[in-house]
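The values are calculated or read from the model by the stated rules, or taken from the named source; none is laboratory data. Fair warning: this is a prediction, and the values are worked out from it, not measured in the lab. Here the Cβ positions follow ideal geometry from the backbone for every residue, glycine too, while neighbour counts run over all protein chains shown. For accessibility, only protein heavy atoms count, side chains too; no ligands or nucleic acids. Shrake-Rupley method; radii C 1.70, N 1.55, O 1.52, S 1.80 Å.
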Amino acid sequence: MVALLLAAALLPSGWAQVSAGPDGGAVWQGRIPNTAVAWDTRSSAVYLPPGYDPTRRYPVIYLLHGMRGSPSGFWNGLRLARVADGLIAAGKARPFIAVMPVAGPVVHRSAGEWAGVWEDYLVRDVVPWVDAHLPVLPGARNRALEGLSAGGFGAIDIGLRHPGLFGTLGSWGGYFAPVFRDGPFARATSADLAAHDPVLLVRRNAGALRRSGVRFYVSSGGDHAGVLGRWTTAFAAELSALRLGHELWRTSSTRDFWQATLPSALTYAAAAFAA
């Protein structure tokens, strides 16, 4: 109860608890102001761990939803608070904060990407807002960026395009090139597409990525919604060839894939956080 009162006092007005884990972790929902898309008043979400103490500082895992999708896919669909509480209680992860920003078009919601204004929102608004409003540890080593499907593409792409911001990048059943010509890629030039191609980016920046210790988590549960599982294994092979730290998690079934990959994805991200 004390942790909930402290969380309510620290978060801006308008934030409300929407989910609770078995050990006291909780998800809160509210708006993170968007200067890139000022009309967007949709809610994002934040997970605060068991025993949350605003006098401590915590590492952060940013989670990007798919398109179509929303932050509730994590806290309601995948039961993030239950899974995260369990990992922390079992000693498999140190206490962390998770941030689930909202993004994408409100009409034709499947035709969006974490690029353009939504990339700007994450980098220019969400991360600075978290640093200003929550007790988080500074630096890339204490930030992970992961996502599912289109969010997986966005996590890898954004992380590679903004070196020094995130230390772990994760794609759960995602893709590794702007293969769907939607959102900002609908009329993109070849140069714009190349600038958002994670394969090209890791090849170009492999040395810097090795020196900075950036890590990758990639998982696949087969094909879904036009996304091919072999894209994930091919990207993992690229990472191996470039000697970049990574984990490849696979299952042959798409059934319950997102629930199955979530614990290992969170554990992998948390393993890199500074002690």
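Before moving on, here are some points about what is shown:
- Residue tally, condition out of contact with any Leu (no Cβ under 9 Å at 6 or more places or on another chain) and in a strand (DSSP E or B), over the range 198-252: 5
- GLY51 meets each of the listed conditions (1) touching a strand residue (DSSP E or B) at 6+ places or on another chain (Cβ under 9 Å); (2) farther than 23 Å from ASP157 by Cα; (3) part of a loop (DSSP other than H, G, I, E, B); (4) not charged (D, E, K, R) apart from (1).
- Comparison of PRO101, PRO33, PRO59, PRO22 shows that the only residue that is closer than 16 Å to ASP131 by Cα and open to solvent by 40 Å² or more (accessible area, probe 1.4 Å) is PRO33.
- Subset of the range 36-54 [crowded, with 16+ Cβ neighbours inside 10 Å and of a type in the set (A, V, I, L, M)]: ALA36, VAL37, ALA45, VAL46, LEU48
- Close pairs from the range 138-151: first under 15 Å from TYR217 (Cβ atoms), partner open to solvent by less than 20 Å² (accessible area, probe 1.4 Å) and part of a helix (DSSP H, G or I), Cβ under 6 Å, at least 6 apart: ALA144/ALA269; LEU145/ALA155; LEU145/GLY159; GLU146/ALA155; GLU146/ALA265; GLY147/GLY154; GLY147/ALA155
- For ARG94, the criteria (1) within 15 Å of PHE273 (Cβ to Cβ); (2) open to solvent by less than 50 Å² (accessible area, probe 1.4 Å); (3) touching a helix residue (DSSP H, G or I) at 6+ places or on another chain (Cβ under 8 Å); (4) touching a residue at least 60 places away in the same chain (Cβ under 8 Å) hold in every case but one, which is (2).
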